[in-house]
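Enquirer: Would you mind keeping the following structure in view while I ask a few things?
Nothing in this text is a laboratory measurement; each read-out follows from the coordinates by a stated rule. Bear in mind the structure is a predicted one, so any value in this text is a computation, not a measurement. Neighbour counts run over all protein chains shown; Cβ positions are idealised from the backbone, glycine included.
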Amino acid sequence: MSFAFAEQAAPSAGPTHAFHRIHPVDPSPGAESGKRSAVRCSGCSMRSVCMPPGLSAAELAQLDAVICTTRPVHRGEALYRAGDAFQSIYAVRVGSFKTIVMHRDGREQVTGFQIAGEALGLDGVCTSRHNCDAIALEDSVVCVIPFMQLEAVCREIRAMQHHVHRMMSGEIVRESSLMMLLGTMTAEQRVAAFLLNLSKRFKALGYSQSEFNLRMTREEIGCYLGMKLETVSRMFSKFQRERLVDTRGRQIRIVDLEGLSRV
């Protein structure tokens, strides 16, 4: 589905606060002009999520010089649009996003969902322009990482270079997984795979793997999975009847993880 901008798990959190635990900066319109110290990588609670382990103080200082700004993005606003010039990649610090492409007939196709600790913007590396829109699903904050400066750092810090390569490889894996999801799985399997993927990603971030809130709508899930809204809702109801999951609006509790994996 989406790849994780992470190599280590963060400390555990409460079961239903998957998008609200980390608030190192104020996601208000004035936050972007805040002090630089507010976004230092060396003192950020997301450091173990966004960076490779074992960086020295000098290496962290180099990264502090690169990742020196954050950007708030309000719910429904675009971080970037298809066709925009590519200059930076972004680490989701607070909140969540969806990436979308538009069909020629105006229909929207969701291509991914990104949560705290994951990256956005790598689609622009190939052509120097973004090929999708990145839209905030809730009030969010991203760290802005100028790509040219990141490349320079990677030439000096081998661990960071390896980390960026892992990110790019993860994007390839995500794309191939989506193709398999849409091309070979039944509707039931698609929804199960979607929930299991989110569960795995939340667990990697140190959150509950069995209880979390969805920030995307059922319609957006269907748009991602190549299904109609009614089909998505029917699958959630089926899983609830079979006691695989318990759904209360957008709150999801996976009751039988093994059973959902066998779908």
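Enquirer: Which of the aspartates and glutamates could be linked to Lys228 by a straight reach, that is with a Cα gap under 15 Å, when you skip same-chain ones fewer than 8 residues away?
Expert: The reachable aspartates and glutamates, counting only those whose Cα sits under 15 Å from Lys228, are Glu108, Glu188, Glu219, Glu220.
Enquirer: Hey, another quick one. Of the peptides 87-93, 72-78, 192-198, how do they stack up when ordered by the mean number of other Cβ atoms within 10 Å, highest first?
Expert: Order by mean packing, descending: 87-93, 192-198, 72-78.
Enquirer: If we count every other residue with Cβ under 11 angstrom of Ala58's Cβ, Lys/Arg +1 and Asp/Glu -1, where does the sum land?
Expert: After counting each charged neighbour, the total is -3.
Enquirer: Still on this structure, please answer the following. Expressed as a rounded percentage, what relative contact order does region 29-182 have, with Cα pairs under 8 Å and six or more residues apart?
Expert: Value for region 29-182: 28 percent.
Enquirer: Between region 81-103 and region 228-263, how far is it from one alpha carbon centroid to the other, in angstrom?
Expert: That distance is 29 Å.
Enquirer: Test of understanding: what is the full-extension gain from Ser128 to Arg155, defined as 0.36 nm times their sequence separation minus their Cα-Cα distance?
Expert: Gain on extension, Ser128 to Arg155, equals 7.7 nm.
Enquirer: Expressed as a rounded percentage, what relative contact order does region 186-261 have, with Cα pairs under 8 Å and six or more residues apart?
Expert: 34 percent
Enquirer: Okay, next question. Would you tally the net charge around Arg262, using a Cβ to Cβ cut-off of less than 12 Å, leaving Arg262 out, and scoring K and R as +1, D and E as -1?
Expert: Local charge sum for Arg262: -4.
Enquirer: For Cys126, Cys41, which order do you get if you count the other beta carbons within 10 Å of each Cβ and list the fewest first?
Expert: Cys126, Cys41
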